[in-house]
Structure formats: C-alpha cells, structure tokens
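In what follows, a structure is listed as structure tokens, so that the remarks can point back to it.
The values are calculated or read from the model by the stated rules, or taken from the named source; none is laboratory data. Keep in mind it's a predicted model, so treat the numbers as computed, not measured. Please note: Cβ atoms are built from the backbone with ideal geometry, for glycine as well, and neighbour counts cover all protein chains shown. These accessible areas exclude ligands, DNA and RNA; they are computed on the full protein's heavy atoms, side chains included. Shrake-Rupley method; radii C 1.70, N 1.55, O 1.52, S 1.80 Å.
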Amino acid sequence: MSNVAERVKKIVVEHLGVEADKVTDTASFIDDLGADSLDTVELVMAFEEEFSVEIPDDAAEKILTVKDAIEFIEKANG
Amino acid sequence: MRRVVVTGLGMVTPLGNGVEGTWEQLARGVSGIRAIDRFQVDDLPARIGGQIPTEADHPYRFDPDAVAAAKDRRRMDEFIVYGLAAAIEAIEDSGWKPEAEEDRERTGVIIGSGIGGLPNIAEASKIMEASGPRKISPFFIPSSLINLVSGHVSIRYGFQGPNHAVVTACSTGAHAIGDASRIIKYGDADVMVAGGAEAALCRLGIAGFAAARALSTSYNDAPTTGSRPWDKGRDGFVMGEGAGVLVLEEYEHAKKRGAKIYAEVLGYGMSGDAYHITAPAEDGNGGFRAMRNALRDAKLDVSAVDYVNAHGTSTPLGDEIELGAVKRLFGDHAYKLSMSSTKSAIGHLLGAAGAVEAIFSIKALNTGICPPTLNLNDPSEGCDIDLVPLKAKERSVKIALSNSFGFGGTNASLVLGAV
C-alpha cells in the first residue's frame, strides 16, 4: 500500500469514526462508511490540509470512494 | 382546559452533571464558581465563572463522551452538547419513549439559547481571517445555530412534533417552558421537551459582558464569593454555563401511562420593559407585570406563593429592583414567603438560567427545601424579606414562582405547583 493510501485511510478513520478494516479501496464514503454530504466536504478539506493540494469543488464532487481520493492526490502530487 | 405537568428533569450545571448531584450540593450550600482555567483570562477583567466540571476527580463530572462521540461533537458547539445531555437525562427520567408514529408526531422540542455558538463563531472568524473561506468547516453553521439543540434532540429520539427554539437572552429557559406548556394546552402536542442551553463562557463572551459592565470583577481572587445577590458587596453577575431541560406533558396523558409527576405548570406570565437594551426599568414594572400575569394565569392569589426563585443576578441595580417589584406585588405576604437566588451558587447561566431555576423551584416543591442565597452576609438597605441567606431553609412549599429577566427588557415568570 502506498504512503498516500495509508494517510488517506487514516484520515477517513479519524473523521468518520469507522473501523480501519472497513476503509477498503472501493468503500464509498456515503454508502459504506456512513458519511453525509457535510462529512464529505470536511474529508476533502482534511485531504487538502494533509497533502497540501487544492481540490476544486468540481473535482471534490467526483471523490466518492477511498480509491477516488487516493488517485486524485497521487495524480496531483505526481 | 388541558393541564400541563412535569414528568422529566435534566440538567448540566457548574455544580456537575445531573439534577440529583446539582441539587444535593445546592442544598448544602456548595458553590460551583471557580477561577476560569479553560482559556486565557489574564487580560480579562472578570476571571471567574461557573465552568462545567470535567476533571476526573469531581463527584459529578460531566463527560461529553457520554453524550455523543467525538466525531459527532464536531457538529455541535458546546451549548448543543450541554442541551443534549440535559435533554437525554430528562427524557430517560420521564420514561417517554414513543414508538408509534402518532405518538412521535405528538411529541415536540423547544430548547433555546441566549447566545448560541459564540465560541465556535469566534474561532471560525479567526480561521477566516488567517486562512480564508475555504478553511471554514461545513459544520460551522449547524454547530452554531441556536435551534440545533432542538434539532439534535428530535433527530436522536424521532420526536416529530413542533420543533422550536426560544431566543430571549436570560429569559430564554423560562419562555421555552411557558411556550411549551401553551403548545400542549392548545393541543398542538401532548409532550414537549423544553428548556435552555448556554455555553458563552469564552474569551469573547466574557469580554462582551464585561464591556457592558455586567460582570463581577472584584472577586477574582475569591471566586466562590463573587456571586452575592442583594449583598452590599455585589458588583455584577458571574457568568455560568450549562443547560436545563424538562419534559412537559398533558396531565391525562401522563396519568394514563403511569408517569411520575413532579409538578404542574400552573401559570406563565410575560412582559416587556420597553425601557433600555441592558438596564431594567427602574420601577421594576416589567418584572412586576410578568409575575402578576403568571399568577393571574394560574388563577392564584399572591398569598398562595411560598417560594420565589428570583432572577437575582448579583448586579447592583437589578437585585433591588426585582425585590421592590416583589414587595409591591405581594404586599405583606412578601414577608411570609421565602425568596432566594440560586445564581449565588452556579452563576448566571443566561439562556439556560430560567430552565435550571424552574427545576430548582420544582425540587423545592418536592423536598420542602428552599435553596440558599450564598454570600448574602450584609444585605443592602431594604432587603429585609426572607432571602434565605447562606443556608437552605426547610419549609412547606406548595406553590413556587420563578423569575427570569433578559437584556432588551424581556421578562417571564412561571408558577409551579405540587400535584
């Protein structure tokens, strides 16, 4: 697992208060991890902070799963 | 006419978590006022307050984790956490857990706050200045809004009846109880969860009330002596925080399900001073009319009242004006009743005060104990009725009256009676 993936999953665990083993690559924040629309906004803010990237609103709307987040960040930092 | 009774009680106060712990200490004359240690105070003129105890060795420690998980508390400023805690206690106490859709639709919530999420607003404003709008949390607005205590309580319990919130400064709690009782009387609901919550004890809150010259500033080195209603040495109120919530219920509804009944809401009176934004009308006219209207609503003569829980904030002006209004309304009977200010022990809980004090009045009805006015060593001239100085007093209390007066000249009085 890449460093980015580990850090993303850690943030998801902390912010959504879910068990680490539920935070799989394909897990959807809303459908699988119990997040609501406000949680997803806050998650994106946390990713921005952690990885020093800017995630524009139209990109943020497409980050629905753990994998979406990892891929966006890896691309942005790549 | 539908009658309204009280079937559940809950509170978080500077004396601790829960009604029993608070009342036990209040009756013993314990003070919950302390040196503020939660935020920087060295540049503030008032450095004492009724801070909710969270330290591990406090006998009635408040544990926010017991109210909501840390991740959920990011959605709530502290006043919501306190309000939710008091509501949970009151609802559990009442035993009212409606499962049927119809029962849920007949159960509402009306919990207000004087100020709402002030610490959160102050904090978000700093973030905005330092880092710009993209750093503002999506939870900022819903964690600051006053009606979100009612919102959270309704969401947690599925109460789908009237959902409301009062904002009348320091009269909030009393107005919420009075308005909730009217909602039940009018038939819009059978059960209402009503009260007030406040957590404005922060740097901005202290600075603001101090600027209005409302706070005590002479007792920073002796915190427990700072709140001293009617005493010659009083110099302003001591700010507290917390929440009080009651479950109000239509009498037949409560009887039918075998609920324990603490008291009946007999009367509710309101008035406006129409005088000044912070100072009470000098002749006490606003308080006088609120009390008169409440007794009229209760269809009771002044002579029926045994105990008055005064607004009594420990300000130089307000205490004597209220006492003057009591003397004018009650006449000779003012010398037969007992009146105390429990703000002497817990400080001024602002929007929560009226609800917490209504519960203290109910405890006086139930126990025959009038809680004391602490630090009343040397009463001001003319403060010559029984103000229950220093020590609680045992007497039969069948009818109690609780006063709340707020900035803007908004006044509310409740008349509560044993059932």
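A few remarks follow.
- Under the condition of being away from chain B (no Cβ under 14 Å) and either among the small types (Gly, Ala, Ser) or open to solvent by less than 70 Å² (accessible area, probe 1.4 Å) (or both), the residues counted in segment A:28-39 number 1.
- Residue selection: B:ALA90 fails the criterion of being more than 26 Å from B:ASN220 (Cα to Cα) and surrounded by fewer than 17 Cβ atoms within 10 Å (Cβ to Cβ).
- Among residues of segment B:132-143 that are at the interface with another protein chain (Cβ under 7 Å from one of its Cβ atoms), those with a Cβ under 6 angstrom from a residue that is open to solvent by 40 Å² or more (accessible area, probe 1.4 Å) and part of a loop (DSSP other than H, G, I, E, B), sequence gap 6+ or separate chain, pair up as B:PHE139/B:ARG74; B:PHE139/B:ARG75.
- Of the candidates B:GLY312, B:GLY368, B:GLY324, the single residue that is in contact with an Asp or Glu (Cβ under 6 Å, 6 or more places away or on another chain) and surrounded by fewer than 22 Cβ atoms within 10 Å (Cβ to Cβ) is B:GLY368.
Condition check ((1) over 18 Å from B:ARG73 (Cβ atoms); (2) more than 11 Å from chain B (Cβ to nearest Cβ); (3) touching a Phe, Trp or Tyr at 6+ places or on another chain (Cβ under 8 Å); (4) not charged (D, E, K, R)) across all residues:
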site: A:GLU14; (1), (2), (3), (4): no, no, no, no
site: A:GLY17; (1), (2), (3), (4): no, no, no, yes
site: A:THR26; (1), (2), (3), (4): yes, yes, no, yes
site: A:VAL41; (1), (2), (3), (4): no, no, no, yes
site: A:GLU50; (1), (2), (3), (4): yes, yes, no, no
site: A:VAL53; (1), (2), (3), (4): yes, yes, yes, yes
site: A:PRO56; (1), (2), (3), (4): yes, no, no, yes
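- Selection count, segment B:53-62, where residues are touching a residue at least 24 places away in the same chain (Cβ under 8 Å) and either open to solvent by 50 Å² or more (accessible area, probe 1.4 Å) or touching a Lys or Arg at 6+ places or on another chain (Cβ under 9 Å) (or both): 4
- Scanning segment B:147-158 for residues that are without any contact (Cβ under 8 Å) to a residue 60 or more places away in the chain and either more than 14 Å from chain A (Cβ to nearest Cβ) or among the hydroxyl-bearing types (Ser, Thr, Tyr) (or both) turns up B:ASN147, B:SER150, B:SER154.
- Set side by side, the residues B:GLU99, B:GLU129 differ, and just one is away from chain A (no Cβ under 14 Å), open to solvent by 70 Å² or more (accessible area, probe 1.4 Å), part of a loop (DSSP other than H, G, I, E, B) and without any contact (Cβ under 8 Å) to a residue 24 or more places away in the chain, which is B:GLU99.
- Each residue in segment B:368-419 was checked for being in a loop (DSSP other than H, G, I, E, B), touching a Phe, Trp or Tyr at 6+ places or on another chain (Cβ under 7 Å) and within 22 Å of B:VAL302 (Cα to Cα), and 5 of them qualify.
- Residue in segment B:45-65 that is more than 24 Å from B:ARG203 (Cα to Cα), within 14 Å of chain A (Cβ to nearest Cβ) and in a loop (DSSP other than H, G, I, E, B) present: no
- Qualifying positions in segment B:234-261 - in contact with a helix residue (DSSP H, G or I) (Cβ under 9 Å, 6 or more places away or on another chain), charged (D, E, K, R) and farther than 30 Å from B:LEU376 by Cβ: B:GLU249, B:GLU250, B:LYS260
- Test: residue in segment B:346-358 that is of a type in the set (Val, Ile, Thr) and open to solvent by 10 Å² or more (accessible area, probe 1.4 Å): no
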